[in-house]
Amino acid sequence: MHGTPSEVPDHYREADPMQLSIPQAKQWLVHGSTDDTVPVDFSRDYVAKKQKVTGKEKENVHLLELAGAGHLDVIDPHSAAWKQIEELVLRHAV
């Protein structure tokens, strides 16, 4: 970001997906319910906010919350959560 939020606030605003409108993309957030690094509420709040938008800025955003999955389970092909992620990707592949 080339600085702290107080030094380059525009960089942080431009990189914050909560501040961006992304109506042209289908968004799937995948989050483990027991993630102790990034709380699942981050994803829940993002999806809730984006789903409230109406009109031409409406976004196609969804959350797959994986029960019992931790922070690294969503990228570990040996985790119990991986099968659900694989199914999601294959079901929604374009």
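The values are calculated or read from the model by the stated rules, or taken from the named source; none is laboratory data. Here the structure is a predicted model, which means the values were calculated and not measured. Here the Cβ is made from the backbone with ideal geometry for all residues, glycine too, and neighbour counts use every protein chain on show. Surface accessibility is based on the protein's heavy atoms, side chains included, excluding ligands, DNA and RNA. Shrake-Rupley method; radii C 1.70, N 1.55, O 1.52, S 1.80 Å.
Just a few scattered comments:
- Only listed residue being under 30 Å from Lys83 (Cβ atoms), at pLDDT 90 or above, in contact with a helix residue (DSSP H, G or I) (Cβ under 6 Å, 6 or more places away or on another chain) and among the small types (Gly, Ala, Ser), chosen from Ser43, Ser33: Ser33
- Condition broken by Glu59, with the remaining ones in (1) without any contact (Cβ under 8 Å) to a residue 40 or more places away in the chain; (2) out of contact with any helix residue (DSSP H, G or I) (no Cβ under 9 Å at 6 or more places or on another chain) satisfied: (2)
- Among helices (runs of 4 or more DSSP H) entirely within the chain, having at least 1 residues that are over 14 Å from the mean Cα position of the chain (by Cα) singles out 9-15, 82-92.
- In segment 2-30, residue most open to solvent (accessible area, probe 1.4 Å) [restricted to those that are touching a Lys or Arg at 6+ places or on another chain (Cβ under 8 Å) and at pLDDT 90 or above]: Pro23
- Residues of segment 65-94 that are farther than 13 Å from Asp35 by Cβ and not charged (D, E, K, R): Pro77, His78, Ala80, Trp82, Gln84, Ile85, Leu88, Val89, Leu90, His92, Ala93, Val94.
- Total residues in segment 73-89, condition farther than 12 Å from Trp28 by Cα, touching a residue at least 12 places away in the same chain (Cβ under 8 Å) and surrounded by 13 or more Cβ atoms within 10 Å (Cβ to Cβ): 4
- Residues being surrounded by 12 or more Cβ atoms within 10 Å (Cβ to Cβ) and either under 10 Å from Val30 (Cβ atoms) or among the β-branched types (Val, Ile, Thr) (or both) - total across segment 40-72: 11
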